[in-house]
Amino acid sequence: MKKMESEINEAKEKAKKIGVDIDGVLAEIDTIIAGRDRLEMPPMAAGDYEDLLALEKIEMPDGAAKDFVKNIVGFAKRELAKRKIISELQKVREGGEINFPPADARFKVLNEVISVVLEKGEEATADDVENAVKKVTRRTAVATGITRRRRTRRSGVKAFVRRLLEERGEITIEEAVNEIIAAGLADNEEEAKRRFNSAQYSITRTDGDAEYTDGVLRLL
């Protein structure tokens, strides 16, 4: 562990010496990994996404409309993050390759994007960041899916959904369905939805410490 921390700090120092705001880049990667990657929006420039952040200041009552505005703001932040990462990491082309130990998903994504920037130069785009995130998270999902499958066959779907909810605070039906299938607790989307609905009903009605509205299960 100490060796890995030392390697991370060493790589960070190298990045800082060539002018890369590495802590800012890692924070933007966190934004992308945690954010939603699907929202129907027209083609926009970075300035348009910045304009959308004004929606965050709007006072709205809780409900579907407020949730949608939050999704728009989250999506805009995510799109801006991708563009900031590409812009900042262009500095690596002058300072040379930096390789971080794969301590977690952030550093794995960072290494992928650095490789793309060194290969493509100014032609690297926000799409390359998106592809790096999907590549890394897909690998992680496969690995954790195998582990979860072994753990959850005996504990059932409710316990599985309960654990996801406690880890994240909230989970959408789409996210839950994907996780249930990946864990081997359902063979297809229809079966996964049925099992999730049964689990969320039990959690909200029997356990009584969560609510399910507009396709999102949340802890109270």
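Brief remarks on what is shown
- Test: residue in the stretch 125-132 that is within 30 Å of residue 213 (Cβ to Cβ) and either surrounded by 14 or more Cβ atoms within 10 Å (Cβ to Cβ) or modelled with pLDDT of 90 or more (or both): yes
- The residues on offer are 205, 148, and the sole one that is modelled with pLDDT under 80, outside the structural domain of residue 83 (by TED's automatic domain parsing) and either surrounded by 15 or more Cβ atoms within 10 Å (Cβ to Cβ) or part of a helix (DSSP H, G or I) (or both) is 148.
- Some residue of the stretch 70-88 being under 16 Å from residue 128 (Cα atoms), over 18 Å from the mean Cα position of the chain (by Cα) and either in the same structural domain as residue 175 (by TED's automatic domain parsing) or not hydroxyl-bearing (Ser, Thr, Tyr) (or both): yes
- Taking each residue of the stretch 10-37 that is acidic (Asp, Glu) and looking for partners that are surrounded by 14 or more Cβ atoms within 10 Å (Cβ to Cβ) with beta-carbon atoms closer than 6 Å, six or more apart or interchain, yields 21/88; 28/81; 28/84; 28/85.
- Considering residues of the stretch 158-170 that are among the aliphatic types (A, V, I, L, M) and over 14 Å from residue 220 (Cβ atoms) only, the residue surrounded by the most Cβ atoms within 10 Å (Cβ to Cβ): 161
- Residues of the stretch 176-196 that are over 10 Å from residue 161 (Cβ atoms), in a helix (DSSP H, G or I) and not basic (Lys, Arg): 177, 178, 181, 182, 189, 190, 191, 192.
- Within the stretch 171-220, considering residues that are farther than 22 Å from residue 35 by Cα and among the polar types (S, T, N, Q), the one farthest from the chain's Cα centre (by Cα): 206
The values are calculated or read from the model by the stated rules, or taken from the named source; none is laboratory data. Only a predicted model underlies this, so the values are computations on that prediction, with no experimental measurement involved. Cβ atoms come from the backbone with ideal geometry, glycine included; neighbour counts cover every protein chain shown.
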